[in-house]
1. Could you look through the stretch 157-201, keep only residues that are modelled with pLDDT under 95 and away from the ligand (no atom under 14 Å from the Cβ), and pick out the one that is surrounded by the fewest Cβ atoms within 10 Å (Cβ to Cβ)?
2. Can you name the residue in the stretch 202-241 that is of a type in the set (S, T, N, Q) and in contact (Cβ under 8 Å) with a residue 60 or more places away in the chain and, of all such residues, is most open to solvent (accessible area, probe 1.4 Å)?
3. State yes or no: is A215 of a type outside the set (S, T, Y), within 15 Å of the ligand (Cβ to nearest atom), in contact with a helix residue (DSSP H, G or I) (Cβ under 6 Å, 6 or more places away or on another chain) and part of a helix (DSSP H, G or I)?
4. Among the candidates L82, L62, single out the residue that is of a type in the set (A, V, I, L, M, F, W, C), out of contact with any strand residue (DSSP E or B) (no Cβ under 8 Å at 6 or more places or on another chain) and open to solvent by 20 Å² or more (accessible area, probe 1.4 Å).
5. Just one of (1) open to solvent by less than 10 Å² (accessible area, probe 1.4 Å); (2) touching a helix residue (DSSP H, G or I) at 6+ places or on another chain (Cβ under 6 Å) trips up E25, so point out which.
6. Considering only residues that are within 13 Å of the ligand (Cβ to nearest atom) and in a loop (DSSP other than H, G, I, E, B), look in the stretch 12-21 and name the one that is surrounded by the fewest Cβ atoms within 10 Å (Cβ to Cβ).
Amino acid sequence: MIRKPFGATGIEVSAIGQGTWDIPESGPRAREAIRAIQRGVELGMTHLDTAEMYGSGRAEELLGEAIRGFPREKLFIASKVLPSNASYAGTIAAARRSIERIGCEYLDLYMLHWPGEHPLEETMRAFDGLLSEGAIRFAGVSNFDTGEMRQATSFLRGAPLACNQVLYNLCERGVEHELLPSAARLGIAIVAYTPFARGKFLRSRAARETIDRIARKHAATRHQVALAFLLRHSNVFAIPKAANAEHAEENARAADLLLDGDDVAAVDAVFPLPAPGPLATL
Ligand code: NAP
């Protein structure tokens, strides 16, 4: 698995990680989802993304089950505080609950899930407190547009803002206009969430034909082409969710796929950049 510098943090993180939103919460499908995460970690997808929101904490518990047995220092565990909990005291309490549910001692990355009702300065002050006590290694944001991202940077004192996790896939390319270049200049990693548009990225026949042609050319799959297109930016990371071990294996191998200029131009033609507009979110 390729690892890349994660913004200005000074550490490297796997280019492809694993999401946990909507993973099955119990029964054989939950066991399969745990096996998929474990297979992904074995193949180097050690950036593990979760949030207190997912399954109201259940995804964090399942992630905790999945990572037992792996050396803690090999993992990069990320979680997020809900905006409704993001007061100073609420953020600190939420981080402690997440650490407890995952059973991971500390979080590598803690993010504000989206901009909300509590003043950003207060949430960032809580992140600073968590950084100084070692409960989190890095702080980030999610669903922040360029202006909001700059503001978060200005409020955080203990470490540079590590990342902004945003919606980015073939059908949602608006971040390429301003957010991606600004983040690269500021040393903030961009983490692409929902990189497969939740399985619905091949919306037209032309799109299917183009992606299939590129996949055949590289002996790759549609999903690998979709990931490789996002990862062509050196500052972009992706966190596909797979509750199936074969899917996890396929996603991990996408890190080896490099698209050439013709491939990128062909994708551009069927998934054109939209006009600049507000940041798209789910
Ligand atoms: P996604 O990763 O775009 O798509 C997941 C779907 O793709 C699942 O149905 C999965 O099936 C399927 N899939 C995965 N790998 C595949 C493969 N190789 N071949 C065929 N199908 C494959 O959707 P997502 O879960 O919305 O996004 C990923 C992660 O981003 C989330 O889990 C979450 O951690 C994060 N996220 C963050 C935010 C935010 O606001 N910050 C919002 C949304 C998501 P199986 O499950 O059956 O394998």
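The values are calculated or read from the model by the stated rules, or taken from the named source; none is laboratory data. Remember, predicted model here, so these are calculated numbers, not experimental data. As a convention, Cβ positions derive from the backbone with ideal geometry for all residues, glycine included, and neighbour counts pool all protein chains shown. For accessibility, only protein heavy atoms count, side chains too; no ligands or nucleic acids. Shrake-Rupley method; radii C 1.70, N 1.55, O 1.52, S 1.80 Å.
1. R157
2. S234
3. In short, yes.
4. Testing whether each residue is of a type in the set (A, V, I, L, M, F, W, C), out of contact with any strand residue (DSSP E or B) (no Cβ under 8 Å at 6 or more places or on another chain) and open to solvent by 20 Å² or more (accessible area, probe 1.4 Å) leaves just L82.
5. (1)
6. Residue satisfying both the conditions and the ranking: W21.
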